[in-house]
Amino acid sequence: MSATSSQFDAVVVGAGVAGMYAVHSLRQRGMSVCGFEAAAGIGGTWYHNRYPGARCDIESVDYSFSFSEELQQEWTWTERFATQPEILAYLEHVADRFDLARSFRFSTRVTSAVFDEDTALWTVRTDGGDEVVARFCLFATGCLSAANTPDIAGRDDFAGEAYHTGEWPHRGVDFSGKRVGVIGTGSSGMQSIPLIAQEADHLFVFQRSANYSIPAGNRPFGETAMREIKENYAQRRREARSSGGGSPFTPYPKGALEVTEAERTRVYDEWWQRGGVLFSKAFPDQLSNIDANDTARTYWEAKIRELVEDPSLTEKLTPGDHPIGTKRIVTDSGYYQTFNRDNVTLVDLRESPIDAITPGGIRTTDREYELDVIVYATGFDAMTGALNRIDIRGRGGRALKEEWSAGPRTYLGLGVHGFPNMFVLTGPGSPGPLANMVLGAEQHVDWVSNCMGYLRDQGVTTIEADSDAVEAWVAECNSLAAKTLFPGANSWYMGANIPDKPRVFMPYIGGFAVYGRILNEVADEGYRGFTLAAPTATATPTATATATATADRAAS
Ligand code: N01
């Protein structure tokens, strides 16, 4: 990308899976694109989350791009659930293969994006002093990218090393011979704890809420297994796209309470073997009927009792505050067995909460734990956090953060009333983190890219979600969520992990395939629910824009 370019068809914020594919897709359409990425390289979540044990929880063969048959045929995954280094290597391969990096300015954080009603253009500014103008602004900022380090008294006084799992140092961390405290037992904590325990002198696990985790059942892919998957990739992708979660699995055809106990156990056994988060989808009523959910919970509890030697620990490690699956089920490798080690201590913060962090460690209401390292596995300001950290202003200078002060409000998860030509990718109001994020990113980017092509062909300058379409979509999202058990859990889906964040179930829970059908219908009906406006005299792209676009096309 030319360093002097300042006007583009589109700005893409973020170089994770959605931003990478957005750049590729728009360039393929002959559009000029400027991408910004705060990190020094591509990969998004997989660039930052380098903590030990980080892996995907959707099978790698599914958690990968499908837009290029050549790409999916040439890349070989080594195991079912790939590690972070392998996923990052894959994404770097994709970036090289499609020459994506040249469209991004790295180590550059977008600080503001402001829509000008006279020109119908966005002006995007960065912490590097860039000022770029574009017709469209695409936020591919990720659902789980704004790290949350809780404001615990004395936090900055700690004299040892402190790390957040979502901002892990690239040099790695040497835990050998050290006393380590991990705060948090969500996916990041539960994935990292077994590996930290193997290295540390002693590991203290500070658990506020126990979480449900299920062994990944990870294994290497043999050549034959990989070949068979590649031979049937098209079918596998079709099944994933027509599923509820973007993976090629469908729940058992009967409800958990409609089958005999033996049949139910057989189904749970099968889904347990599949590993991890998929377990919540064994039966179709598991996440909507508490009695059905109880059967899954009872099965889980029996399994965990087999893994943990000390029954009093099993009790502490068993969640009692939410139905299984209403917080994302963790996909672990040896988490529960870790508590059978002599060098691991579970600190139950429900019994003795953290009082303060001291220069020497962590003090609970019970005692002080001397530590050399503190690992914050304390999660993210999910779905809205990364967007709210940017000063985004639409028509009349309205701030997105203010518009969303009572919770995010979108149409289809893509458009926001008052913010023309702005698209949010895989964010609130879309299936987002409830589905396979890679196929979700492709679904959104394909829709937005087609839409932008349509607008160009029709000579339309702006597209904006109607307020009543937003109203109806928010109502639909809330009504679907209310039919499930999800709103009862203090999860990040609900914003409940961040103090003072509005308590709203943020994703669309109607299913990946259903959502895809709705997107297609809306487009087929001429973008129903959006207002498309013709150019005004001042909104015609300038000579600079056209020249820049031409130069960028020539380079692509
Ligand atoms: O974050 P979390 P995460 N004092 O919010 C605790 C994806 N992901 O990074 O539950 C003490 O789930 C908090 O306790 P509580 C995946 O979608 C995927 O682990 O609030 N504890 C909780 O235990 C996942 O769901 C993978 O009581 C405090 C923990 O910190 C999402 O990212 C891997 C605290 C945070 O858990 C987030 O996972 C990693 C405090 N003040 C992540 N504040 C894959 O496997 C917070 N906690 C692909």
Förster radius 45 Å - calculated FRET efficiency between Thr260 and Arg208, Cβ distance, rounded to 0.05: 0.70
Proximal charge balance of Gly43 [Cβ under 11 Å; K/R count +1, D/E count -1]: -1
Kyte-Doolittle at least -0.5, axis length at least 24 Å by Cα - qualifying DSSP helices, the chain: 437-458
Label zone at Lys303 (point 7 Å along Cα-to-Cβ), backbone N below 17 Å, region 55-93: 57-59, 81
Kirkwood Rh, angstrom, the chain [1 / mean 1/r, Cα pairs]: 24.5 Å
Least to most buried among Thr123, Thr78, Thr165 (fewest other Cβ within 10 Å first): Thr78, Thr123, Thr165
Separation of the Glu351 and Ile518 label points, Cα + 7 Å toward Cβ, nm: 4.5 nm
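Suppose we keep just the DSSP beta bridges with both residues in the chain; what percent of those would be antiparallel, to 5?
40 percent
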For region 308-395, the Rg and Dmax computed from alpha carbons only, in angstrom: 17.9, 60
Gyration tensor (Cα) of region 123-170, equivalent ellipsoid semi-axes in angstrom: 33, 14, 11
Added length on full extension, which subtracts the Cα-Cα distance from 0.36 nm per residue, Ala153 to Asp391: 82.8 nm
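Over 27 Å between C-alpha atoms is what I'm after, so list which of Lys327/Lys401; Lys316/Lys483; Lys281/Lys483; Lys303/Lys483; Lys178/Lys303 land there.
As for pairs spanning more than 27 Å Cα to Cα, those are Lys316/Lys483; Lys303/Lys483; Lys178/Lys303.
Bear in mind these aren't lab numbers, they're just calculated from the coordinates by the rules spelled out. The shown structure was predicted, so the numbers you read here are calculated from the model rather than taken from an experiment. No Cβ is skipped: glycine too gets one built from the backbone with ideal geometry, and neighbour counts run over all protein chains shown.
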